[in-house]
Amino acid sequence: MKCHTCLLLFTVAALGQVAHQHHPPSSEEYARVLEDPARDEWQKPHEVVMALELKPAEVVADIGAGTGYFARRFARHAGKVYAVDIDEKLLDIVRAKAAANLETVLAPPDDPRLPRHSIDTFFFCDVLHHIENRPAYYAKLVQALKPGGRIVIVDFFKKPLPVGPPVTMKLSEDEVIAELQKAGFVLSRRLDLLPYQYFLFFEGR
């Protein structure tokens, strides 16, 4: 297996917020993988963004935004985008390419650090399985969501795949749905769009 492929398989498991055991040798190397054009083939960023049907006044928080792979795309359609991550160097890359309506937030792993009732859509891509105390994190999302807000989850199917973390680290769709139900959300939509990931929409009860 080529070294480039090894690196891709290793680091794609932690897009954005990164568990320490999965962090690559440097933020710079990590950034190159996040922005690898080959990722577009299976991540389908345009299709994902279009599926969100973002409104011109919508406020989006991209949790674990990394280099802004999705955040900068959201900024073309939404009114305001927060790119939230735990890695300052990755957020520097976001800021270098940021549109006027894209704001970075350096946050600890357990708190998105966003204003109360400020977010219409929380977006998590390949990040949720790295958050250790998810019930507590969900409670903070509830505080930051506007009435009628939603949570969108994209994460790897819990089975062997050519990309992503080991199966033992993954969360199944059923696990995610059950956790968010306990946090006060209901599954409102499920899309069969991506080859390696589920794509779930949740709204408050």
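Throughout, read-outs are computed from the coordinates displayed, never taken from laboratory work. Fair warning: this is a prediction, and the values are worked out from it, not measured in the lab. We place every Cβ from the backbone using ideal geometry, glycine too, and count neighbours over all the protein chains shown.
With θ set to phi - 60°, apply the Karplus curve 6.51 cos²θ - 1.76 cosθ + 1.60 along segment 137-148 and write out the HN-Hα couplings as whole Hz, x wherever there is a Gly or Pro.
Each residue's phi maps through the Karplus curve to give 5, 4, 4, 6, 5, 4, 5, 7, 6, 6, x, x Hz.
So which lysines can Lys170 reach, going by Cα to Cα under 27 Å and dropping same-chain residues fewer than 8 places off?
Straight-distance partners of Lys170: Lys2, Lys44, Lys89, Lys140, Lys158, Lys159, Lys182.
Which whole-Hz ³J(HN,Hα) couplings does segment 115-123 yield from phi under the Karplus relation 6.51 cos²θ - 1.76 cosθ + 1.60, θ = phi - 60°, glycine and proline marked x?
So the Karplus estimates, Gly and Pro as x, are x, 5, 6, 10, 10, 8, 9, 9, 10 Hz.
Sorted from fewest to most neighbouring beta carbons within 10 Å, what does the list Asp126, Asp36 look like?
Arranged by neighbour count, lowest to highest, Asp126, Asp36 become Asp36, Asp126.
Using a Gaussian network model of the chain with C-alpha springs under 10 Å, which one of Val60, Val163, Val84 is most mobile by mean-square fluctuation?
Val163
What whole number of Å gives the distance from the Cα centroid of segment 164-198 to the Cα centroid of segment 36-83?
19
Could you work out the relative contact order of segment 3-204, using alpha carbon pairs under 8 angstrom and six or more residues apart, expressed as a whole percent?
Once normalised by length, the contact order is 19 percent.
So what is the 222 nm mean residue ellipticity for the chain from helices alone, if each DSSP H run of at least 4 adds -39500 (n - 2.57) and you divide by all residues, rounding to the nearest 500 deg cm²/dmol?
Calculated mean residue ellipticity at 222 nm is -8500 deg cm²/dmol.
Take the eigenvalues of the Cα gyration tensor for segment 3-204, scale each by 5, and report the square roots as semi-axes in whole Å, largest first.
Numbers: eigenvalues 105, 80, 53 Å².
Largest first, segment 3-204 gives 23, 20, 16 Å.
So how do Asp174, Asp110 line up by other beta-carbon neighbours within 10 Å, fewest first?
Fewest to most other Cβ atoms nearby, the residues stand as Asp174, Asp110.
What longest region of the chain stays clear of GluC sites (Glu not before Pro) that DSSP places outside H, G, I, E and B and that have at most 16 other Cβ atoms within 10 Å? Could the numbers behind the result be given before it?
Numbers: sites that count: Glu35, Glu53, Glu132.
Formally, the longest exposed-site-free interval is 54-131.
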